[in-house]
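Participant: Handing you a structure now.
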Amino acid sequence: MNYFNFNNSYTYIDDRLFTQITPDSVPSPKLVVFYSNLAKELGIADRDFTEFLSGNRIPEGSTPIAQAYAGHQFGQLNVLGDGRAVLLGEHVTKDKLRFDIALKGSGRTPYSRNGDGKATLYSMLREYLISFAMEKLGIPTTKSLAVVETGETVYREQPNRGAVLTRVASSHIRVGTFQYVAMQGDRLLLKKFADYTIDRHYPELNNHLNKYLEFFTRVMDTQINLIINWMRVGFIHGVMNTDNVSISGETIDYGPCAFMNNYNPDTVFSSIDRYGRYSFMNQRSIGKWNIARFAETLIVLINPDTDKALELLNGVINTYDSIFTKRWYKMMGNKLGLSQITEQNYQIIDNLLKELESKELDYTQFFRTLAENRAENIDENIKESWLKLNPDFELIKKTNPAVIPRNHIVEEVLKEAAYKGNYDPFNDFLKVLEEPYKDRTDSYTLPPDVIDKSYRTFCGT
Ligand code: AMP
Ligand code: MG
């Protein structure tokens with residue numbers, strides 16, 4: 001019986017886009033988490049296939065590759081590529097939906113530079129947990145099918161248990177992949193690649209007069225939606241380099257991400273983000289910056305006259321701020337239980353956020369308890385003007401989760417699982433995160449005792 005129904009269209013585009021590679025074998029693979037419901041959705045075998053998810057055996061139909069890409073990392077353009085991931089293939093479901101199945105932490109590739117190509121159990125469990133939470137929060141994301149402990153030791157600052165994660169994505173095409181393709185200076189390759197991507201993610205654009213400009217507009221639109229959605233739940237991606245911006249609009253790369261507790265627009269958790277480039281509120285402007293880098297890759301497809309192409313692309317980019325502002329206030333309005341929001345009411349939201357910031361109130365808890373009409377701790381005038389707008393308390397509950405993966409709980413359950421082999425707290429937490437909008441009042445909903453200003457996250461662990 002086949003485990004996957006592979007059809008590896010990416011491998012037919014052009015040899016410059018990837019390198020064929022075999023994942024490393026590992027000494028003693030042990031499946032530690034498996035997302036059965038995702039396996040069911042994908043229509044793949046429910047039998048034990050740890051050997052395939054560890055890299056020890058290559059499933060039938062797979063042509064394993066490492067993809068090449070580039071990316072602006074903290075503003076600096078570098079040639080990158082899958083340095084510790086292998087794309088096993090594209091699994092096509094009964095409904096003809098196509099998903100990349102990739103192993104992460106599966107060994108060195110030609111794109112590994114100085115890295116070991118491996119991943120720690122701790123960070124792969126972290127990705128599994130947070131990507132699961134994001135899905136259940138209703139946010140587009142790559143998903144984690146499984147984590148296999150490898151039995152290898154992976155050295156970071158200390159020895160760590162090693163692991164391989166199976167990542168499921170509607171594709172791994174990034175802004176950085178377009179940057180890589182554009183760098184080749186081959187217009188035909190770029191056209192072929194753009195056509196491939198449009199067919200795969202935005203096939204409805206094929207009939208448009210200037211489909212590449214329309215494609216650009218759509219990618220910008222999905223990115224705005226994604227970032228607004230992150231900000232709705234207090235998510236800070238942490239490493240919005242262009243190689244971590246997916247063309248499909250899914251959240252990708254769960255390295256240094258974390259959730260904000262008390263509201264502060266300048267919140268940063270990533271240890272390497274010293275200047276706050278990717279802070280909570282900067283996600284808006286960096287999203288625009290990243291989209292502008294994407295635009296640069298498309299110039300030659302938009303119009304043979306570069307000035308004309310730039311004019312068209314800039315025309316779209318110049319709408320980013322107004323679209324973002326409108327959707328930001330709509331989202332914030334929804335958080336307040338208001339299905340419609342007019343510009344006259346923007347001030348209420350601005351004032352409220354200032355209050356949350358100055359009083360260091362918990363973002364998640366504050367908005368969620370509005371559903372019980374408990375706008376405690378805030379200025380009476382703001383509260384009154386809000387209540388006059390007749391908030392819908394059900395909308396509040398639909399927009400504001402009761403639980404998010406709070407940093408202190410994430411750390412607690414990961415330490416038990418990754419360091420002590422006790423998966424009970426991890427699995428209990430997954431159950432809680434499965435229904436984040438459900439009413440609850442237990443300790444999972446509570447902010448940490450002490451504000452987590454010193455909490456730090458790391459990238460390539
Ligand atoms: P990231 O910070 O995860 O977006 O990764 C940036 C680049 O570093 C990508 O090309 C990754 O494949 C590569 N990379 C990250 N960790 C490792 C590792 N342990 N070994 C080799 N390459 C890595
Ligand atoms: Mg990455």
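Participant: Report yes if some residue within region 162-174 is open to solvent by less than 10 Å² (accessible area, probe 1.4 Å), of a type in the set (V, I, T) and farther than 20 Å from Y10 by Cα; otherwise report no.
Facilitator: yes
Participant: Please give the helices (runs of 4 or more DSSP H) falling wholly within region 312-388 in which 2 or more residues are free of Cβ contacts under 8 Å to residues at least 40 places away in the same chain and under 30 Å from the mean Cα position of the chain (by Cα).
Facilitator: 320-335, 346-358, 363-369
Participant: Determine whether region 170-192 contains at least one residue that is more than 25 Å from G107 (Cβ to Cβ), among the β-branched types (V, I, T) and part of a loop (DSSP other than H, G, I, E, B).
Facilitator: no
Participant: Mind checking which pairs have a first residue in region 438-461 that is at negative phi and open to solvent by 80 Å² or more (accessible area, probe 1.4 Å) and a second that is part of a helix (DSSP H, G or I) and of a type outside the set (S, T, Y), Cβ under 8 Å, 6 or more apart or different chains?
Facilitator: D439/K397
Participant: Filter region 258-281 down to the residues that are away from ligand 1 (no atom under 11 Å from the Cβ) and over 20 Å from E360 (Cβ atoms) and list them by number.
Facilitator: Passing the criteria: S271, D273, R274, Y275, R277, Y278.
Participant: Restricting the search to region 244-255, which residues are surrounded by fewer than 23 Cβ atoms within 10 Å (Cβ to Cβ) and more than 9 Å from the chain's Cα centre (by Cα)?
Facilitator: Selection gives S248, G255.
Let's see how each residue does on (1) in contact (Cβ under 8 Å) with a residue 24 or more places away in the chain; (2) within 16 Å of ligand 2 (Cβ to nearest atom); (3) among the hydroxyl-bearing types (S, T, Y):
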position	(1), (2), (3)
V219	yes, no, no
T222	yes, no, yes
N225	yes, no, no
F235	yes, no, no
V239	yes, yes, no
N244	yes, yes, no
S279	yes, no, yes
K288	yes, no, no
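Participant: Could you check V219 against (1) away from ligand 1 (no atom under 16 Å from the Cβ); (2) open to solvent by 10 Å² or more (accessible area, probe 1.4 Å) and say which number it fails?
Facilitator: That leaves (2) as the condition not met.
Participant: So which residues in region 107-116 are surrounded by 21 or more Cβ atoms within 10 Å (Cβ to Cβ) and within 15 Å of ligand 2 (Cβ to nearest atom), if there are any at all?
Facilitator: Residues satisfying the conditions are T109, Y111.
Participant: A follow-up question, please. Does at least one position in region 413-431 carry a residue that is within 21 Å of Y263 (Cα to Cα) and at pLDDT 95 or above?
Facilitator: no
The values are calculated or read from the model by the stated rules, or taken from the named source; none is laboratory data. This structure is a prediction, so every number in the text was calculated from the model and none was measured. In this analysis, Cβ positions are derived from the backbone assuming ideal geometry, glycine residues included, and neighbour counts consider all displayed protein chains. Just the protein is used for accessible areas: all its heavy atoms, side chains included, with ligands, DNA and RNA removed. Shrake-Rupley method; radii C 1.70, N 1.55, O 1.52, S 1.80 Å.
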